[in-house]
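One structure, as structure tokens, below. Some questions next.
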Amino acid sequence: QAQLVESGGGLVHSGGSLRLSCTAAQNIFNRHIMFWYRQPPGKNREVVAHISDSGDTYYGDFVKGRFTISRDNAKRMVFLEMNNLKPEDTAVYYCVRPPFWGQGTQVTVSS
């Protein structure tokens, strides 16, 4: 069974919002940093955000101020709230606890 499972992707218009969710297996979640990566079509994967076990956060410059990462340790979940989405945010988004990756969820932003 998958150890990281994402959900919440979809198609939205420019300026819209989505909230991605990730559920992780206990043995790769507790006391570990969690990442969201994304991979636009034809481009390299890049870090969107990450959050420590205690809640310290980091954001890539291209999403800072628009996206919020959070986690619920009791539920073994991590979230990515994405607001004011732009066409350049179109990508497959991945939940990651290195070296483990989820299957990805597609986010498409139309203009």
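The values are calculated or read from the model by the stated rules, or taken from the named source; none is laboratory data. As the structure is a computational prediction, the values presented were derived from the model and not from experiment. Counting neighbours? That spans all protein chains shown, and the Cβs are built from the backbone with ideal geometry, glycine included. Quick note on the areas: whole protein, heavy atoms, side chains included, nothing else; ligands and nucleic acids left out. Shrake-Rupley method; radii C 1.70, N 1.55, O 1.52, S 1.80 Å.
Can you list the residues, at least 5 places off or on another chain, whose amide H is less than 5 Å from the amide H of PHE67, using H built in the peptide plane?
Placed amide hydrogens put ASN83 under 5 Å from PHE67.
Set Lys and Arg Cβ to +1 and Asp and Glu Cβ to -1, take the dipole of the chain about its Cα centre, and tell me which of ALA49, PRO99, GLN26 lies farthest positive.
With unit charges placed on the Cβ atoms, the residue in question is GLN26.
Also: In square angstrom, rounded to the nearest 10, how much accessible surface does MET77 have for a 1.4 Å probe?
Ignoring ligands and nucleic acids, MET77 comes out at about 50 Å².
Still on this structure, I have one more. Summing +1 for each Lys or Arg and -1 for each Asp or Glu, what net charge is found among the other residues whose Cβ lies under 11 Å from the Cβ of ILE33?
Spelling it out: positives minus negatives among the neighbours equals +1.
Given Cβ point charges of +1 (Lys, Arg) and -1 (Asp, Glu) and nothing else, what value in debye, to the nearest 20, does the dipole of the chain about its Cα centre take?
So the magnitude is around 120 debye.
Can you give me the relative contact order of the chain as a percent, contacts being Cα pairs under 8 Å and 6 or more apart?
Rounded, it is 37 percent for the chain.
Let me ask another. If you keep only loop residues by DSSP, which chymotrypsin sites (Phe, Trp or Tyr not before Pro) in segment 74-111 have at most 10 other Cβ atoms within 10 Å of their Cβ?
none
On to the next question. Quick check: net charge around GLY104, other residues with Cβ under 13 Å of its Cβ, Lys/Arg +1 and Asp/Glu -1?
+1
When DSSP assigns beta bridges and you keep just the ones with both residues in the chain, what percent turn out antiparallel, to the nearest 5?
For the chain, the DSSP antiparallel bridge percentage is about 90.
Taking all protein chains as present, what is the carbon and sulfur share of the accessible area of the chain, in % to the nearest whole number, probe 1.4 Å?
Of all accessible area on the chain, carbon and sulfur atoms account for 47 percent.
A further question on this structure: Please tell me the relative contact order of segment 52-111 in percent, rounded to the nearest whole number, where contacts are Cα pairs under 8 Å and at least six residues apart.
Here the relative contact order equals 24 percent.
How large is the accessible surface per residue of segment 1-71, computed with a 1.4 Å probe and reported in Å² as a whole number?
For segment 1-71, the solvent-accessible area averages 56 Å² per residue.
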